[in-house]
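Report on one structure; see the data block that follows.
The values are calculated or read from the model by the stated rules, or taken from the named source; none is laboratory data. Computed from a predicted model, the values in this text were never measured in an experiment. Backbone-built Cβ (ideal geometry, glycine too); neighbour counts: all protein chains shown. SASA here: full protein model, heavy atoms, side chains in, ligands and nucleic acids out. Shrake-Rupley method; radii C 1.70, N 1.55, O 1.52, S 1.80 Å.
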Amino acid sequence: MIRTVSAALGIALLACGSAQAQTIDYDCDTPAQRVSAIKRAVSGTDFSMSGTVTPREAYDSGEYGATAGIRLEAPDGSWFVNIGIVRSFDDEDRDPDEVPAFLHSKSGDIETVSTFGNMKLGRAYRFTLTVAGGRGKAVLDGDYSWVEARSIDFEVPSATQAIASISCETGHFLFGEVDFGR
């Protein structure tokens, strides 16, 4: 009886461990003019990434702004979509406790940039980046002063492989429960 309960408990713990292995937490803290990234190859016909991102601190390098990226891209570079968080220090009127977020996508020769809005330092924002059948959606959900969530649609070519990545440069960003999908 005790062995049966112990075996069942061990199997349950292994199942929990494998479920936790599907997502990662990444405390991305890079000094000025340095980059850190995690990349994963994904395959299928639909791609999806999700998790949270918390901008913690933007370092002033004098030359480069603090940047975080949540990205899906073709292995050959023919398309990409990137949720970007960029803090530039050349705008003195900007609130020092905010960082702007945007969506940058490219498909062939066509590039688009759309604005999500400003993110507060120290607050977690849920993100989802999805591509299916050449169409996609990026969602950044959080505690904005102007809206609680923002969704932006985009188009990219249909694909069977992609590279999913999270990164930061010249700043401190906490990525939580990141699921790179398939």
Label model pair Lys39, Ser158: point-to-point distance (7 angstrom along the Cα→beta-carbon line) in nm is 2.6 nm
Probe of 1.4 angstrom, ligands and nucleic acids ignored: what's the accessible area per residue over the range 22-161, in square angstrom? 53 Å²
How far is it, in nm, from the label point at Ser88 to the one at Glu57 when both lie 7 Å from their Cα along the line to the Cβ? 2.4 nm
By average C-beta atoms within 10 angstrom, highest first, the peptides 28-39, 96-107: 96-107, 28-39
At 1.4 Å probe size, with the rest of the protein present, what percent of the exposed accessible area of the range 40-182 is carbon and sulfur atoms? 44 percent
Find how much the distance from Ala32 to Ser78 grows on full extension, using 0.36 nm per residue of separation minus their present alpha carbon separation; answer in nm with one decimal. 13.6 nm
